[in-house]
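Have a look at the structure below, then the notes.
The values are calculated or read from the model by the stated rules, or taken from the named source; none is laboratory data. Keep in mind it's a predicted model, so treat the numbers as computed, not measured. Glycine also receives a Cβ, built like all others from the backbone with ideal geometry; neighbour counts cover every protein chain displayed.
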Amino acid sequence: MSRTEQLRVRDGARLIAPFAVAVAAFGVTFGVLARDAGLGGVQAVVFSATTFAGSAQFAATSVLSAGGTLAAAIAAAVLLNSRYVPIGLSVAPSLRGPAWQRGLRAQLVVDESWAVSNVGGGRYDPRLLFGAGLTLYCAWVAGTTAGVLAGSLLGDPQRLGLDAAFPALFLALLAGQVRGRVGALAAVGGAVVAAALVTFVPPGVPVVAAAAVCLVGLRHPPRGARP
Amino acid sequence: MQAWVLIAVVGACTIVLKGLGPLAIGGRELPRPLLGVVALLAPTLLAALIVTQAFADGRHLVLDARAAGLGAALVAVALRAPVLVVVAVAAGAAALTRALA
């Protein structure tokens, strides 16, 4: 890795730092809630280290806490994570190298690292993604561990309003993502489609279905994009 | 035991879902028209996530303390507050709303 590439990786870590602090706090919350859902401490940490997708993990444990079946918990998590198929496609051109390396780097993609490595025009910087993703991964796993170890001191995370912190984090990300009028319209369209579908389909599906709004981009190729 | 099954299945599925695109077309350019689609993916998915996480409770749309949190976050973002302030303001507003309700 060249010196400039190392710098870009560090830029990724720097850009994501404030998000990583919030993600660590969510990790603490997850550690606490996982115990309520009947997961052991080791299990909670292994879950964070292997799945590394907060919203899906929260969804799965909340299904179990509410007395839902194992199949329902798995389905909720997998449906929520199905958005990583289009997200994976979006970063695919920027991930080069052998298959094992692409597959491994793809695991560092989460909503936050994906958003900050977006350099516009449908392009993603793989070094920003790596630096940001690795930072978030450490924050998420460390936070979960802290939550497992010290959870009883925290009490009910909902009382602290942490469930409202999730959409706020995504809002902060969105503010940096809306580029131009078409981007703003796509955001509004995605929100409307997702809201309209909530009552008709299982959780997770509205978000994936909202991605269809992006097809308007077929008529608006980004400026300066190479053919 | 049930928990380990959950962790193994969800973990394996997530790894596959994340890896699918990069393994299938890694390093190659997307066709130009698709680039326009990909450019809109971030704002669209993030907006959809915000709506579902703030207003959905299972299959119901609800207005609860999370909405107050999101409203406060919106003000903070409009005032160009740092990310951590946005998140803290949202959590604080939701906690306050719950305490008063």
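Of the residues in the stretch B:80-91, at least one is assigned to a helix (DSSP H, G or I), of a type outside the set (Asp, Glu) and surrounded by fewer than 20 Cβ atoms within 10 Å (Cβ to Cβ).
Does at least one position in the stretch B:39-56 carry a residue that is within 7 Å of chain A (Cβ to nearest Cβ), touching a Pro at 6+ places or on another chain (Cβ under 7 Å) and either more than 25 Å from A:GLY183 (Cα to Cα) or not in a helix (DSSP H, G or I) (or both)? Before you say what the answer is, go through the steps one by one.
From the stretch B:39-56, those within 7 Å of chain A (Cβ to nearest Cβ) are B:39-56; that's our starting set.
Checking which are touching a Pro at 6+ places or on another chain (Cβ under 7 Å) leaves us with B:39, B:41, B:48, B:50, B:52-54, B:56.
Adding the requirement that they be either more than 25 Å from A:GLY183 (Cα to Cα) or not in a helix (DSSP H, G or I) (or both) leaves B:56.
Checked against the condition, which is being within 7 Å of chain A (Cβ to nearest Cβ), touching a Pro at 6+ places or on another chain (Cβ under 7 Å) and either more than 25 Å from A:GLY183 (Cα to Cα) or not in a helix (DSSP H, G or I) (or both), the stretch B:39-56 yields at least one hit.
Per the conditions (1) crowded, with 19+ Cβ neighbours inside 10 Å; (2) under 21 Å from A:THR50 (Cα atoms); (3) within 16 Å of the chain's Cα centre (by Cα), the sole criterion not satisfied by A:LEU174 is (2).
Looking for something at the interface with chain A (Cβ under 7 Å from one of its Cβ atoms), in contact with a helix residue (DSSP H, G or I) (Cβ under 8 Å, 6 or more places away or on another chain), in a helix (DSSP H, G or I) and surrounded by fewer than 24 Cβ atoms within 10 Å (Cβ to Cβ) - is there at least one such residue anywhere in the stretch B:57-66? So that I can check it myself, show each step before the final result.
First pass over the stretch B:57-66, keeping only residues at the interface with chain A (Cβ under 7 Å from one of its Cβ atoms): B:58-61, B:65-66.
Narrowing the set further to residues that are in contact with a helix residue (DSSP H, G or I) (Cβ under 8 Å, 6 or more places away or on another chain) leaves B:61, B:65-66.
Filter once more, so that each one left must be in a helix (DSSP H, G or I): B:65-66.
The next check asks that each one be surrounded by fewer than 24 Cβ atoms within 10 Å (Cβ to Cβ); those that pass are B:65.
There is at least one residue in the stretch B:57-66 that is at the interface with chain A (Cβ under 7 Å from one of its Cβ atoms), in contact with a helix residue (DSSP H, G or I) (Cβ under 8 Å, 6 or more places away or on another chain), in a helix (DSSP H, G or I) and surrounded by fewer than 24 Cβ atoms within 10 Å (Cβ to Cβ).
Do we find a residue being surrounded by fewer than 18 Cβ atoms within 10 Å (Cβ to Cβ), charged (D, E, K, R) and more than 10 Å from chain B (Cβ to nearest Cβ) anywhere in the stretch A:11-25? The answer is yes; a qualifying residue exists.
Which is farther than 25 Å from A:ALA164 by Cβ, outside any helix (DSSP H, G or I) and in contact with a Gly (Cβ under 9 Å, 6 or more places away or on another chain), of B:GLY36, B:GLY19, B:GLY27?
B:GLY27 is the lone residue from the list that is farther than 25 Å from A:ALA164 by Cβ, outside any helix (DSSP H, G or I) and in contact with a Gly (Cβ under 9 Å, 6 or more places away or on another chain).
The set of residues from the stretch A:56-104 being part of a helix (DSSP H, G or I), at the interface with chain B (Cβ under 7 Å from one of its Cβ atoms) and not hydrophobic (A, V, I, L, M, F, W, C) comprises A:ASN81, A:TYR84, A:PRO86, A:GLY88, A:SER90, A:PRO93, A:ARG102, A:GLY103.
Only one residue in A:VAL45, A:VAL32, A:VAL63 is crowded, with 22+ Cβ neighbours inside 10 Å and at pLDDT 95 or above. Which one? So that I can check it myself, show each step before the final result.
Working: A:VAL32 fails: at pLDDT 95 or above; A:VAL63 fails: at pLDDT 95 or above.
The conditions single out A:VAL45.
Mind checking whether some residue in the stretch A:19-39 is free of Cβ contacts under 8 Å to residues at least 12 places away in the same chain and in the same structural domain as A:GLN158 (by TED's automatic domain parsing)? The answer is no; no qualifying residue exists. Hey, does the stretch B:4-14 have a residue that's at pLDDT below 95, at the interface with chain A (Cβ under 7 Å from one of its Cβ atoms) and crowded, with 17+ Cβ neighbours inside 10 Å? Taking every residue of the stretch B:4-14 in turn, none turns out to be at pLDDT below 95, at the interface with chain A (Cβ under 7 Å from one of its Cβ atoms) and crowded, with 17+ Cβ neighbours inside 10 Å.
Taking into account only those residues within the stretch A:8-29 that are farther than 18 Å from A:LEU173 by Cβ and charged (D, E, K, R), which is modelled with the lowest pLDDT? Let's see the steps before the verdict.
Pass one, the stretch A:8-29, residues farther than 18 Å from A:LEU173 by Cβ: A:8-10, A:28-29.
Still in the running and charged (D, E, K, R): A:8, A:10.
Numbers: A:ARG8: 91, A:ARG10: 94.
Restricting to residues being farther than 18 Å from A:LEU173 by Cβ and charged (D, E, K, R), the top hit is A:ARG8.
Does A:SER90 qualify as being among the hydroxyl-bearing types (Ser, Thr, Tyr) and surrounded by 23 or more Cβ atoms within 10 Å (Cβ to Cβ)? Judged against the criteria, A:SER90 is a match. Residues in the stretch A:190-208 include at least one that is facing chain B (nearest Cβ under 7 Å), in contact with a strand residue (DSSP E or B) (Cβ under 6 Å, 6 or more places away or on another chain) and not in a helix (DSSP H, G or I). Here is the figure for the stretch A:164-181: residues that are at the interface with another protein chain (Cβ under 7 Å from one of its Cβ atoms) and in a helix (DSSP H, G or I) total 12. Taken over the stretch A:105-138, the criterion of being more than 8 Å from chain B (Cβ to nearest Cβ), crowded, with 24+ Cβ neighbours inside 10 Å, closer than 22 Å to B:LEU35 by Cα and touching a residue at least 60 places away in the same chain (Cβ under 8 Å) is satisfied by A:GLU112, A:SER113, A:VAL116, A:SER117, A:LEU128, A:LEU129. Restricted to the stretch A:139-163, and to residues there that are at pLDDT below 90 and surrounded by 19 or more Cβ atoms within 10 Å (Cβ to Cβ), the residue that is nearest to the other protein chains (Cβ to nearest Cβ) is A:GLY161.
Take B:GLY69 and decide whether it is within 16 Å of the chain's Cα centre (by Cα), modelled with pLDDT under 90 and either small (Gly, Ala, Ser) or surrounded by 22 or more Cβ atoms within 10 Å (Cβ to Cβ) (or both).
Working: within 16 Å of the chain's Cα centre (by Cα): yes; modelled with pLDDT under 90: no; either small (Gly, Ala, Ser) or surrounded by 22 or more Cβ atoms within 10 Å (Cβ to Cβ) (or both): yes.
No, not satisfied.
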